[in-house]
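Asker: Just passing along the structure, written as structure tokens.
The values are calculated or read from the model by the stated rules, or taken from the named source; none is laboratory data. Please read these numbers as outputs of a predicted model, since none were measured by experiment. All Cβ positions, glycine included, derive from the backbone under ideal geometry; neighbour counts span all protein chains shown. These area figures cover heavy atoms from the full protein model, side chains too; ligands, DNA and RNA do not enter into them. Shrake-Rupley method; radii C 1.70, N 1.55, O 1.52, S 1.80 Å.
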Amino acid sequence: MQKLTREFYDRDTILVAKELLGKYLVHISNQHKQIGKIVEVEAYLGPHDLAAHSAKGLTNRTKVMFGPPGYAYVYLIYGIHYCFNVVTEKSGHASAVLLRAIEPIENITERTQGPGLLCKAMNIDKRLNGHDLTSDNFYIAEPDAFSHFTIVKKPRIGVHYAKHWANRLLRFYIKGNKFISKP
């Protein structure tokens with residue numbers, strides 16, 4: 001596996017979102033390595049995107065999104081589930097890609113179909129907010145073998161409040177993968 005570089009994340013958010021599909025999410029904690037193949041993501045394009053957290057401006061919660069690319073943006077929803085995003089593009093742009101689902105590859109026994117379940121299964125919580133994704137214990141990597149797949153584009157899930165942004169095709173997943181959250 002080859003760890004992704006900062007330059008990978010410092011590009012157009014939609015391009016990064018699509019190219020994250022098929023990559024491996026790696027989390028090493030207490031000498032326990034977990035690996036999951038990214039199979040579903042959503043792109044959040046910055047403050048002008050009414051579904052993005054950054055649409056509310058720079059806050060204590062969103063400051064990681066406004067920072068440099070290649071960092072983890074982890075937050076709690078509904079007071080019970082963590083969600084993990086990858087910050088993209090240059091500092092100040094405030095865009096990110098939400099990881100919605102992974103296919104278990106190594107040492108993952110719980111369900112991973114949905115952002116909250118993914119985080120629970122991979123032990124991702126608030127402690128990883130702001131974590132550098134070029135580190136040695138939490139990162140995304142290119143697998144050794146490339147597999148061909150078709151990318152499906154759909155509207156994002158749970159963003160009905162975002163007016164015209166709710167119907168934008170900014171959710172991407174691997175066609176036919178049984179680990180996506182919702183077909």
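Asker: How big is region 94-183 on each of its three principal axes, counting only the C-alpha atoms and giving the largest first in Å?
Answerer: The principal-axis extents, from largest down, are 40, 31, 24 Å.
Asker: I'd like to know how region 66-134 sits against the 2.2 N^0.38 Å rule of thumb: what's its Cα Rg over that expected value?
Answerer: 1.11
Asker: Through the Karplus equation 6.51 cos²θ - 1.76 cosθ + 1.60, θ set to phi - 60°, convert the phi angles of region 44-56 into ³J(HN,Hα) values in whole Hz; use x for Gly and Pro.
Answerer: For region 44-56, the Karplus-derived couplings read 10, 8, x, x, 6, 7, 5, 8, 7, 4, 5, 5, 8 Hz, x marking Gly and Pro.
Asker: Another question, if that's okay. On alpha-carbon atoms, Rg over Rh for region 138-183 using Kirkwood Rh?
Answerer: Reported Rg/Rh, Kirkwood definition of Rh: 1.08.
Asker: How much of the accessible area of the chain, in percent, comes from carbon and sulfur atoms when a 1.4 Å probe is used?
Answerer: After summing per-atom areas, the C and S share lands at 51 percent.
Asker: Moving on to the next point. With a 1.4 Å probe and every protein chain left in place, work out the accessible area per residue of region 112-167 in Å², rounded to a whole number.
Answerer: Counting only protein heavy atoms, the per-residue value for region 112-167 is 56 Å².
Asker: Sticking with this structure for a sec: Could you calculate, for region 21-96, the ratio of the Cα radius of gyration to the Kirkwood radius, expressed as Rg to Rh?
Answerer: A ratio of 1.00.
Asker: Cα-Cα pairs above 25 Å in the chain: how many percent?
Answerer: I get 25 percent for the Cα pairs in the chain exceeding 25 Å.
Asker: So what is the 222 nm mean residue ellipticity for the chain from helices alone, if each DSSP H run of at least 4 adds -39500 (n - 2.57) and you divide by all residues, rounding to the nearest 500 deg cm²/dmol?
Answerer: About -2500 deg cm²/dmol.
Asker: Something else: Where nothing but the Cβ of Lys and Arg (+1) and of Asp and Glu (-1) is charged, how large is the charge dipole of region 97-154 around its Cα centre, in debye to the nearest 20?
Answerer: Charge dipole of region 97-154: 480 debye, to the nearest 20.
Asker: Excluding ligands, DNA and RNA, what is the solvent-accessible area per residue of region 33-84 at a probe of 1.4 Å, expressed in Å²?
Answerer: 40
Asker: Quote the relative contact order of region 1-148 in percent (integer), defining contacts as alpha-carbon pairs under 8 Å separated by 6+ residues.
Answerer: Relative contact order of region 1-148: 31 percent.
Asker: A further question follows. What is the magnitude of the charge dipole of region 47-183 about its Cα centre, with +1 placed on the Cβ of each Lys and Arg, -1 on the Cβ of each Asp and Glu, and no other charges, expressed in debye to the nearest 20?
Answerer: Here region 47-183 has a charge dipole of around 820 debye.
Asker: I've got another one for you. Using all alpha carbons of region 1-55, what is the percent of pairwise distances in each 10 Å bin, ordered from the shortest bin to the longest?
Answerer: Calculated over all Cα pairs of region 1-55, the distribution is 21, 41, 29, 8, 0 percent.
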